[in-house]
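Student: Below is a structure I'd like to ask you about.
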Amino acid sequence: SAPDMATINTGVQTRALAAKDAMAQNATQMDKLIAALLKAGIERKDIQTSGTNLNPQYDYSNRTDGQGPRFIGYEASNQLTVKVRKIDKAGELVDIMVGAGATNINGPSFGLLNPDKLLDQARVNALKTAQTRANLYAQASGYKSARLVGISEGGGYSPPMPMVSMRMDAAQSAPATKIEPGQISTSISLNVQYVLER
């Protein structure tokens, strides 16, 4: 079936000599990115912080004997997970993120907002197939019918891997990003036990 939602991971990275400056610049950039997402129609409930990091940065080049790496400042990063409910807008949204200063984009990964309906259909189909085959085996071996005595379930819904992964250092004028959602398969594995009856 066709997916009806997508998840995109995005974020910003900033560098400064002082840790507080790197974090302050990052907060400013993140506010700009979130504002752009909201303006593009993404609801605040569909924007979630997935990681905040602050790390010292060192220059390991030009090292001479007896000298350690040179400290060059701090790098702050903030990552968001964005749920996109209008997947036909996913490509446009990627471009909006880049235009708003995003330095990292991973995704989209496609999924279903409510996979339960499709899973229930898969359960019914699997059980019908199992009963038909059990009856076939029963009749082929001289029994009248097969009576179901047990069911256990495995498997489930698993979305496909993300189709697009990008890292940008700067937004540049380019053709619009195109994203094809394709199809998602839903499967259920049932282990069924039957008693053959004469």
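Student: Restricting to the range 93-130, count the residues that are outside any helix (DSSP H, G or I) and either in contact with a helix residue (DSSP H, G or I) (Cβ under 9 Å, 6 or more places away or on another chain) or open to solvent by 30 Å² or more (accessible area, probe 1.4 Å) (or both).
Tutor: 13
Student: Now for a separate question. Taking the criterion of being of a type in the set (S, T, N, Q) and surrounded by 18 or more Cβ atoms within 10 Å (Cβ to Cβ), would at least one residue in the range 49-67 satisfy it?
Tutor: no
Student: Residue check: is Lys83 open to solvent by 30 Å² or more (accessible area, probe 1.4 Å), out of contact with any Pro (no Cβ under 7 Å at 6 or more places or on another chain), modelled with pLDDT of 90 or more and under 17 Å from Gln48 (Cα atoms)?
Tutor: For Lys83, the condition - open to solvent by 30 Å² or more (accessible area, probe 1.4 Å), out of contact with any Pro (no Cβ under 7 Å at 6 or more places or on another chain), modelled with pLDDT of 90 or more and under 17 Å from Gln48 (Cα atoms) - is met.
The values are calculated or read from the model by the stated rules, or taken from the named source; none is laboratory data. As the structure is a computational prediction, the values presented were derived from the model and not from experiment. In this analysis, Cβ positions are derived from the backbone assuming ideal geometry, glycine residues included, and neighbour counts consider all displayed protein chains. Heavy atoms of the whole protein, side chains included, go into the accessibility calculation; ligands, DNA and RNA do not. Shrake-Rupley method; radii C 1.70, N 1.55, O 1.52, S 1.80 Å.
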